[in-house]
Structure formats: structure tokens, C-alpha cells
Amino acid sequence: MLSIHQLSRSFREGGRVHRVLDGLDAEVAGGQRVAVMGRSGSGKSTLLNLISGIDRADGGSVRVAGCEVSALGEPERTRFRRAHIGFVYQFFNLIPTLDVAENVRLVLELNGVRGRAARERSLAALADLGLRERAHSAVDALSGGEQQRVAIARALVHAPQLLLADEPTGNLDDATAREVLPALLGLTRSRGTTLVLVTHDETLARAADRVLELRDGHLQERTLATPGTVTR
Ligand SMILES: Nc1ncnc2c1ncn2[C@@H]1O[C@H](COP(=O)(O)OP(=O)(O)OP(=O)(O)O)[C@@H](O)[C@H]1O
Ligand SMILES: [Mg+2]
């Protein structure tokens with residue numbers, strides 16, 4: 001489903017070149033839910049930006065669902081991303097001038113789904129996250145955990161094959177994180193959506209099918225010490 005081969009990305013800082021990803025390889029099977037850990041600055045967000053085609057690599061390739069994203073031109077990458085990938089960010093990134101349902105519907109509209117079909121699908125996506133009653137609320141009337149559940153509904157409404165989540169619970173307190181994460185893991189499992197979840201939290205990472213650590217520009221398989229208690 002996700003196949004990364006010899007991926008490299010460097011940034012120039014002042015006079016020197018900082019090689020963030022250094023010939024990184026990874027294979028993620030369809031429907032697998034993978035946690036990516038690694039210290040701050042190790043390149044986790046850079047990796048997600050390359051997988052989604054928001055950023056371009058210096059070398060190597062990224063294949064998502066059989067499509068070599070890294071070889072597409074800009075407009076095709078944007079179209080591919082909109083249709084096949086969902087995103088959840090640390091800071092929710094909801095549009096404050098749109099209500100909850102409009103935020104979710106926007107993704108469908110960008111994919112050419114409009115009118116009644118778009119309305120019904122957005123309400124169904126909100127219902128999956130227990131937010132059907134909040135559909136017409138203003139975004140800023142919601143708690144942080146509710147806003148992140150709206151963001152998850154938005155990320156899944158167009159049934160993407162791949163969901164990328166960059167520290168989705170990083171801005172939530174522990175108790176709220178432990179409510180939001182099972183929703184993310186449960187919905188991706190029941191739909192067979194492949195998930196790449198960046199997190200600093202070992203307890204959350206344990207709930208994934210696999211844990212990878214980004215270090216020195218490479219991904220390594222990691223085994224976490226004791227089994228956790230997060231519901232999947
Ligand atoms: N556009 C950019 N220009 C220059 N340097 C960048 C750019 N994007 C990322 N970097 C550098 O690449 C390195 C990796 O950054 P990245 O944001 O991927 O780390 P991260 O693992 O996501 O960290 P965090 O856990 O803090 O979110 C950092 O040293 C960062 O400064
Ligand atoms: Mg980051």
C-alpha cells in the first residue's frame with residue numbers, strides 16, 4: 001500500500017546541508033496502522049510531507065496505492081492527495097468561518113461531490129465520531145477533543161486509502177487524547193484504511209499494529225517494552 005524506497009531530503013541551514021532523511025526505506029501493508037516515533041527534529045513531519053507529496057524529495061521514491069507520487073507533477077500530486085489521502089494535524093486546522101458540517105463537506109466538494117450526496121456523507125462521517133448533534137455548531141464552540149474529532153471526520157469523509165496523522169493528540173490533555181485516539185484507530189481498522197500516525201506518546205503508539213522509529217534519517221522497527229491498555 002505504501003512503499004518508500006531510498007528517500008532522501010536535505011535542508012540547507014546557513015552554510016551547511018542538514019540531511020534529514022537519508023535513504024529511508026519502508027513498506028506498509030494495506031490496512032496496517034503504523035506509529036512513527038522519534039525525537040523532535042528527527043524528520044517525522046518531513047516524512048509525512050513527502051508521502052503526501054506536499055514536499056518533494058531530493059532522491060528516492062514514494063508509492064501510495066500503486067501510484068508513484070514522487071514522480072507526479074504538481075497538479076497531479078494535488079489531485080492525488082485530495083482523492084486518496086486524509087490528514088489529521090496537531091492543531092486541528094479547521095476553518096473557523098465554516099460550521100462543523102461545512103468543514104467536513106469541503107473535502108467532498110474539492111473532490112467534485114456536491115449537493116445532497118455531500119451533505120449526507122458529511123453528516124454520516126460526523127455521526128461516526130459521535131458529533132451528529134454538533135453539525136451546525138461553530139467550530140470554536142467545540143472543545144479541543146471535539147474539534148479533533150471533527151478533523152478526523154473531515155479526514156475520513158472521502159474514504160481515503162491512506163490517513164496521515166501528525167501528532168493528532170499533541171494538543172490535547174491525556175484524558176481527551178485517550179478518547180480521540182480509539183476513534184482514529186477503530187475507524188481506520190473497520191474501514192481497512194492504512195494509517196501512519198506520528199506520536200511522541202508510547203502509550204498511544206502501543207495501540208498501533210507496528211511501531212517504527214525515525215532516527216539518523218532512517219526508519220527502524222521498534223518494540224515497546226510493556227503491553228499497553230489503550231482500547232483499540
Ligand atoms: N522547510 C524547511 N526548511 C529548512 N529546514 C527544515 C524545513 N522543514 C524541516 N526542516 C528541518 O528538518 C528537520 C526535521 O524537521 P521535522 O519538522 O520533520 O521534524 P519532526 O520530527 O516532525 O519534529 P517535531 O517532533 O518537533 O514535530 C529539522 O531540523 C527542521 O529544522
Ligand atoms: Mg513534526
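The values are calculated or read from the model by the stated rules, or taken from the named source; none is laboratory data. As the structure is a computational prediction, the values presented were derived from the model and not from experiment. In this analysis, Cβ positions are derived from the backbone assuming ideal geometry, glycine residues included, and neighbour counts consider all displayed protein chains.
The helices (runs of 4 or more DSSP H) found entirely in the stretch 131-232 that carry 3 or more residues being out of contact with any strand residue (DSSP E or B) (no Cβ under 9 Å at 6 or more places or on another chain) are 144-156, 174-191. For V100, the requirement of being within 17 Å of the chain's Cα centre (by Cα) and either of a type in the set (D, E) or crowded, with 17+ Cβ neighbours inside 10 Å (or both) is not met. Of the set (1) among the polar types (S, T, N, Q); (2) in contact with a strand residue (DSSP E or B) (Cβ under 6 Å, 6 or more places away or on another chain); (3) modelled with pLDDT under 95, all apply to N93 but (2). Within the stretch 47-71, if we keep just the residues that are in contact with a Lys or Arg (Cβ under 7 Å, 6 or more places away or on another chain) and more than 16 Å from ligand 2 (Cβ to nearest atom), the residue that is farthest from F11 (Cα to Cα) turns out to be V69. Contact map, the stretch 40-53: residues that are within 18 Å of A155 (Cβ to Cβ) paired with residues that are within 6 Å of ligand 1 (Cβ to nearest atom) and among the small types (G, A, S), Cβ distance under 7 Å, separation 6+ or inter-chain. Pairs shown: K44/G38. So, in the stretch 15-33, of the ones that are within 16 Å of ligand 2 (Cβ to nearest atom) and in contact (Cβ under 8 Å) with a residue 24 or more places away in the chain, which residue ends up nearest to T193 (Cα to Cα)? By that ranking, first place goes to L24. For the stretch 111-130, a residue qualifies if it is assigned to a helix (DSSP H, G or I), among the hydrophobic types (A, V, I, L, M, F, W, C) and either within 20 Å of the chain's Cα centre (by Cα) or surrounded by fewer than 16 Cβ atoms within 10 Å (Cβ to Cβ) (or both), and the qualifying residues are A117, A124, A125, L126, A127. The set of residues in the stretch 170-208 being in contact with a Gly (Cβ under 9 Å, 6 or more places away or on another chain), touching a residue at least 40 places away in the same chain (Cβ under 8 Å) and closer than 15 Å to L129 by Cβ consists of A183, T188, R189, T193. Just so you know, in the stretch 133-145 the residues that are modelled with pLDDT of 95 or more and surrounded by 15 or more Cβ atoms within 10 Å (Cβ to Cβ) include one that is farthest from P182 (Cα to Cα), and it is S137. For the stretch 168-201, the candidate set comprises residues that are modelled with pLDDT of 95 or more and within 16 Å of ligand 2 (Cβ to nearest atom); within that set, the residue that is farthest from V64 (Cα to Cα) is V198. Of all residues in the stretch 40-59 being more than 26 Å from G192 (Cα to Cα) and more than 9 Å from ligand 1 (Cβ to nearest atom), which is surrounded by the most Cβ atoms within 10 Å (Cβ to Cβ)? The selected residue is A57.
Considering only residues in the stretch 15-39 that are over 18 Å from H5 (Cα atoms) and more than 22 Å from the chain's Cα centre (by Cα), the one that is surrounded by the fewest Cβ atoms within 10 Å (Cβ to Cβ) turns out to be G15.
Within the stretch 185-210, restricting attention to residues that are under 23 Å from S40 (Cα atoms) and of a type in the set (A, V, I, L, M), the residue that is nearest to ligand 1 (Cβ to nearest atom) is V198.
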